[in-house]
1. How high is the relative contact order of the stretch 59-195, in percent, with contacts defined as C-alpha pairs under 8 Å that are six or more residues apart?
2. Determine, from the Cβ-Cβ distance of Lys171 and Ser110 and an R0 of 22 Å, the FRET efficiency 1/(1 + (r/R0)^6), rounded to the nearest 0.05.
3. Give the residue from Val117, Ala72, Ser161 lying farthest towards the positive end of the charge dipole for the stretch 41-168; charges sit on Cβ (+1 for Lys and Arg, -1 for Asp and Glu) and the dipole is referred to the Cα centre.
4. Could you pull out every residue, at least 5 positions away or on a different chain, whose amide H is within less than 5 Å of the one on Ala181? Hs are placed 1.01 Å off N in the peptide plane, and Pro or chain starts have none.
Amino acid sequence: MKKLFLTLFLLSGLLVTASCNNDNKKDKKETETVEKETVEVKEEKVVKTPTIVGVAAANENFTTLVAAVKAAGLVETLNGDGPFTVFAPVNDAFAKLPEGTVDGLLKPESKETLTAVLTYHVVSGKFMAADVVKAISDGGGTFTITTVQGGTLTASLDGDSVILTDAKGGKSKVILTDVSASNGVIHAIDTVVMP
């Protein structure tokens, strides 16, 4: 009888030890799984919104604008912290200019003029479409915008469309709004405005 109790006691001890080892292995496996999942989470890449130049460069409607920004040496500026609001002419807007104008502006000797034209499309600060519309409404129908170039644009409404009037009386319609960038916002326009 003593042998039977002793044998049962030893067997129960072995079972407890085996059970503990299985629990330890199970805990270790769970810990490894959690650590592996943690590592996998840490390895996920954070996708950062591109700058104004990056957004424009990724859009086929702004190829002429991007070429002009590069020719004027404004890439670094428009990649800066900002925030900026850019009234960005689409390719068709540049195509409306008299023949040879774009080619002439892209020449190295025209860099100063090109820079003035491009910075006339840039405003310091971030103005979403709703902000511009509210400013027009609060201003009794117009909103004067001071550009980075130093000149002004006058924003008004024609129905639901925002119209920009430049210093020479030329008009441009905003055709796409609120294209977000990490350092501001882009509003596409259908005509190049001139200082």
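A short reminder: the numbers here are calculations on the coordinates, not readings from a lab. Bear in mind that the values here come from a model prediction, so they are computed numbers and not experimental data. Neighbour counts are summed over all protein chains in view; Cβ atoms, including those assigned to glycine, are modelled from backbone coordinates with ideal geometry.
1. Values: 256 pairs, mean separation 38.8, N = 137.
About 28 percent, as a whole number.
2. On the way: r = 24 Å, r/R0 = 1.11.
Between Lys171 and Ser110 the formula returns 0.35.
3. It is Ala72.
4. Ile186
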